[in-house]
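Colleague: I'd like to ask you about the structure that follows.
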Amino acid sequence: MSAHRVEADLCVVGLGPTGWALTHRAVRAGMRVVAVDPRPERPWGPTFSCWVDELPGWLPRSAIAQRIEAPTVWAKSEHRIERPYCVLSKHGLREALPLEDATVIAGRATAVDAHAVELNDGTSLTAAAVFDTRGLPAPGARRTASAHGIFVDAEIAAPMVADGEGLLLDWRDENGAGPDEPPSFLYSVPLGDGTVIFEETSLGLRGGMPQRELRRRTLNRLAAHGIRLRGDEHTEAAHYPLDQPPPHLRGHGDAPTPFGSRGGMMHPCTGYSVADSIALVDTAIDALRTGGDPVPALWPWQARLVYWMRMRGVYGMGRLTTEQSISMFDAFFTASPRQQRALLSAHDDFAALASVLFMTVARTWPFHWRFDLVGFTNRNRWVGYEYRPATEPDHLSR
């Protein structure tokens, strides 16, 4: 593209699911929108999942690839969560959010501020507002979510996860990790395309857990259920920070408005961000249309207090042993549905969140483990932990 200038009401930088939804809804609201991404038609890589009730009413059912009526959590015992959960269809989500009335530019942003974007080919974009939805950089030593997923044919996976079922958190002692190793759990759901993802996951560790270690643990879990792989299964890797804070009120100056995971919508305790971001796009657009600042609308004091409390939770998770993690989650999943929602998904239900955090600590047993959970002891338990070298073959693949 030759260098030129494009003007709009809104410029969206980054076309992941969050930027895509923001662009679509802004166009529907009558705004002139230009969206920028280096490869706008590139298929989205990660698996996106959420609670069904998190999705806005305007999103059609075609955006859902797989619905799970009552996912399972294994801690000390089995818990059935009577709250529908779903895996989003990446193709269906794009089809449900057409961008034909937006100006979509394939290019890389080299400079982004509150009202202007410069691209690497010299193109200048100016807009009344610029939203940065490009996601997050590598976490370094930050509190991190790490996962390694293996996509297994549904027929092979059936002994462990059948159609319509799902393992939200599986803490059973099947991953081969010892009591003195950092904890991880299994996440496994059918994807609606004939495959099931088995994904060993670590949350809250500083710097995260290496992919080789997560893969080893995933294979051990599959072996415990008699599942052997062909050896050509596709895989998925995740490694991103959990501690991205909300933007300051009126504190971003000439900077663009960060939105999605870049704008604090990454859930510190779960690593989910897509559903919350999609649900909030209309809030941001309504603020723009009325001439207001979207940041206060997106982040009232109640939502900021919720974020602060959730950060206390992720700090706690990042210093627990496997046994302590199991005890904590067993306590949490005895809470009321509202209390569970307050931690897992509600954007601003601070009262219920405060009560469930207090209750979870109070019911974690033995008593002295609570000191680790609140940070009185072992605050840096896993910092600098040396994982075993990648010398073991994938002995479960044939």
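The values are calculated or read from the model by the stated rules, or taken from the named source; none is laboratory data. What you see is a predicted model, and the numbers here were worked out from it, not measured in a lab. Quick reminder, even Gly has a Cβ in these numbers, built from the backbone with ideal geometry, and neighbours come from all protein chains shown.
Conditions (1) touching a strand residue (DSSP E or B) at 6+ places or on another chain (Cβ under 6 Å); (2) of a type in the set (A, V, I, L, M, F, W, C), marked per residue:
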{"position": "GLU100", "(1), (2)": "no, no"}
{"position": "ASP121", "(1), (2)": "no, no"}
{"position": "SER124", "(1), (2)": "yes, no"}
{"position": "ALA138", "(1), (2)": "no, yes"}
{"position": "ARG143", "(1), (2)": "yes, no"}
{"position": "VAL152", "(1), (2)": "yes, yes"}
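Colleague: I've got another one for you. Would you pick out the residues in segment 260-283 that are of a type in the set (A, V, I, L, M, F, W, C), buried (at least 23 other Cβ atoms within 10 Å of the Cβ) and closer than 21 Å to CYS11 by Cα?
Modeller: Once the filter is applied, which keeps residues that are of a type in the set (A, V, I, L, M, F, W, C), buried (at least 23 other Cβ atoms within 10 Å of the Cβ) and closer than 21 Å to CYS11 by Cα, segment 260-283 yields MET265, VAL274, ILE278, LEU280, VAL281.
Colleague: Here's another thing I want to ask about it. Output the residue which, of all residues in segment 154-167 that are acidic (Asp, Glu) and under 24 Å from the mean Cα position of the chain (by Cα), is modelled with the highest pLDDT.
Modeller: Out of the qualifying residues, it is GLU165.
Colleague: Can you pull out the residues in segment 280-333 that are in contact (Cβ under 8 Å) with a residue 12 or more places away in the chain, of a type in the set (Val, Ile, Thr) and not in a helix (DSSP H, G or I)?
Modeller: Listed by number, the list holds a single entry, THR321.
Colleague: Counting only residues that are under 30 Å from THR334 (Cα atoms), in a loop (DSSP other than H, G, I, E, B) and either of a type outside the set (Val, Ile, Thr) or touching a Cys at 6+ places or on another chain (Cβ under 9 Å) (or both), how many does segment 71-109 have?
Modeller: 7
Colleague: Among the listed residues LEU125, LEU167, LEU99, LEU93, identify the single one that is surrounded by 22 or more Cβ atoms within 10 Å (Cβ to Cβ) and closer than 15 Å to GLY16 by Cα. Talk me through it step by step, then tell me what you get.
Modeller: Working: LEU125 fails: closer than 15 Å to GLY16 by Cα; LEU167 fails: closer than 15 Å to GLY16 by Cα; LEU99 fails: surrounded by 22 or more Cβ atoms within 10 Å (Cβ to Cβ).
Testing whether each residue is surrounded by 22 or more Cβ atoms within 10 Å (Cβ to Cβ) and closer than 15 Å to GLY16 by Cα leaves just LEU93.
Colleague: Follow-up. So if I check each of ARG67, ARG94, ARG134, which one is under 20 Å from the mean Cα position of the chain (by Cα), under 27 Å from LEU186 (Cβ atoms) and touching a residue at least 12 places away in the same chain (Cβ under 8 Å)?
Modeller: ARG67
Colleague: Do any residues in segment 261-277 that are on the phi > 0 side of the Ramachandran plot have Cβ atoms under 7 Å from those of residues that are polar (S, T, N, Q), where the two are at least six apart or on different chains, and which pairs are they?
Modeller: Here the result reads GLY264/GLN244, each pair linking segment 261-277 to a residue that is polar (S, T, N, Q).
Colleague: If LEU186 satisfies every condition in (1) touching a helix residue (DSSP H, G or I) at 6+ places or on another chain (Cβ under 7 Å); (2) part of a loop (DSSP other than H, G, I, E, B) but one, which is the exception?
Modeller: So the condition that LEU186 fails would be (2).
Colleague: On to the next question. Does ARG230 satisfy the condition of being modelled with pLDDT of 95 or more and among the basic types (Lys, Arg)?
Modeller: For ARG230, the condition - modelled with pLDDT of 95 or more and among the basic types (Lys, Arg) - is not met.
Colleague: Only one of these conditions is not met by GLU199: (1) crowded, with 18+ Cβ neighbours inside 10 Å; (2) charged (D, E, K, R); (3) assigned to a loop (DSSP other than H, G, I, E, B). Which number is it?
Modeller: Among (1) crowded, with 18+ Cβ neighbours inside 10 Å; (2) charged (D, E, K, R); (3) assigned to a loop (DSSP other than H, G, I, E, B), GLU199 violates only (3).
Colleague: Hey, can you tell me all the residues within segment 366-385 that are touching a helix residue (DSSP H, G or I) at 6+ places or on another chain (Cβ under 7 Å), surrounded by 15 or more Cβ atoms within 10 Å (Cβ to Cβ) and not aliphatic (A, V, I, L, M)?
Modeller: TRP369, ARG370, ASP372, ASN378
Colleague: State the number of residues belonging to segment 150-164 that are in contact with a Ser or Thr (Cβ under 6 Å, 6 or more places away or on another chain) and surrounded by 21 or more Cβ atoms within 10 Å (Cβ to Cβ).
Modeller: Count: 2.
Colleague: I'd like to verify a number: residues in segment 245-264 that are in a loop (DSSP other than H, G, I, E, B) and in contact with a Leu (Cβ under 6 Å, 6 or more places away or on another chain), how many?
Modeller: Total meeting the criteria: 0.
Colleague: Here's a follow-up. From the list THR235, THR257, which one is crowded, with 18+ Cβ neighbours inside 10 Å, in contact (Cβ under 8 Å) with a residue 24 or more places away in the chain and polar (S, T, N, Q)?
Modeller: That would be THR257, the only listed residue that is crowded, with 18+ Cβ neighbours inside 10 Å, in contact (Cβ under 8 Å) with a residue 24 or more places away in the chain and polar (S, T, N, Q).
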